[in-house]
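Taking it in order: structure first as structure tokens, then the write-up.
The values are calculated or read from the model by the stated rules, or taken from the named source; none is laboratory data. Note that the structure is a prediction, hence the values are computed from the model and not measured. FYI the Cβ positions are ideal-geometry reconstructions off the backbone, even for glycines, and counts take in every protein chain you see.
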Amino acid sequence: MSLVPTAFTPLEVIRSLEESGALTPTHLDLSMRPDLPLETLISMATFFGQVNSSSRWWIADLLEYTEMRYGEYVAQVAAATQLAPQSIENILSIGRRVPAERRIDGVTMSVHAEVAALPAQDQNRWLQIAKNENLTKMELRAKIKPELPPAVVRTITCPHCGEEVELGRYG
């Protein structure tokens, strides 16, 4: 019995591998399928890559919708992702500040995070630059920094211990 249909999509191959026990959340065993053609393996790699780069956006949009539709149940949906609460907060924050119509395919979420605090027009410009120049988040950060307004710094004194702390923010 063949584990993979003769006419297949990457999802069908993955589903059949999962059903056979060859694919688990922590392991992919292709040794039982030495007959898989290179094209199938490339298709699967492409699919896995797309899921990897897209899944955090999907989670952001899912959580935002859940919160809008069901309110307090967003915590249950967030827990189902098995991501750390801080990761969920970051994903949701970036998703809200860079809405779907402003996101650029092929540009990582971490690059989008670098522009999330900027006005919409600046987000669009910098995301396009990042795509055109294939910038990493650190490269983009370095390009954006000279254009940011100077930091506003103020010093506060802790009322309990007297220690002075500088607080800063841009613009």
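Check whether at least one residue in the range 47-63 is touching a Pro at 6+ places or on another chain (Cβ under 7 Å) and at pLDDT 85 or above, and report yes or no.
Yes, the conditions are met somewhere in the range 47-63.
ASN90 fails exactly one of the following numbered conditions: (1) of a type in the set (S, T, N, Q); (2) surrounded by 16 or more Cβ atoms within 10 Å (Cβ to Cβ); (3) within 27 Å of PRO10 (Cα to Cα). What is the number of that condition?
In the conditions (1) of a type in the set (S, T, N, Q); (2) surrounded by 16 or more Cβ atoms within 10 Å (Cβ to Cβ); (3) within 27 Å of PRO10 (Cα to Cα), ASN90 misses (3) alone.
Look through ILE156, ILE144 and report the one residue that is touching a strand residue (DSSP E or B) at 6+ places or on another chain (Cβ under 7 Å) and surrounded by 10 or more Cβ atoms within 10 Å (Cβ to Cβ).
Answer to the check: ILE156.
Give me a count of the residues in the range 97-109 that are in contact (Cβ under 8 Å) with a residue 12 or more places away in the chain and closer than 12 Å to TRP57 by Cβ.
8
Just the residues that are within 27 Å of PHE47 (Cβ to Cβ) and outside any helix (DSSP H, G or I), please, taken from the range 91-142.
Passing the criteria: VAL98, PRO99, ARG103, ILE104, ASP105, GLY106, VAL107, THR108, ASN134, LEU135, THR136.
Return the residues of the range 18-37 that are modelled with pLDDT of 85 or more and surrounded by 12 or more Cβ atoms within 10 Å (Cβ to Cβ); say none if nothing qualifies.
Answer for the range 18-37, where residues must be modelled with pLDDT of 85 or more and surrounded by 12 or more Cβ atoms within 10 Å (Cβ to Cβ): GLU18, SER20, ALA22, LEU23, LEU28, ASP29, LEU30.
Could you grab me the full set of residues in the range 47-66 that are touching a Gly at 6+ places or on another chain (Cβ under 9 Å) and aromatic (Phe, Trp, Tyr)?
Within the range 47-66, just TRP57 meets the criteria.
Which ones in the range 58-90 are over 23 Å from ALA117 (Cβ atoms) and either small (Gly, Ala, Ser) or not in a helix (DSSP H, G or I) (or both)?
Answer for the range 58-90, where residues must be over 23 Å from ALA117 (Cβ atoms) and either small (Gly, Ala, Ser) or not in a helix (DSSP H, G or I) (or both): GLY71, ALA75, ALA79, ALA80, THR81, GLN82.
Have a look at ARG33, ARG56 and point out the one that is without any contact (Cβ under 8 Å) to a residue 40 or more places away in the chain and basic (Lys, Arg).
Residue meeting the stated conditions: ARG33.
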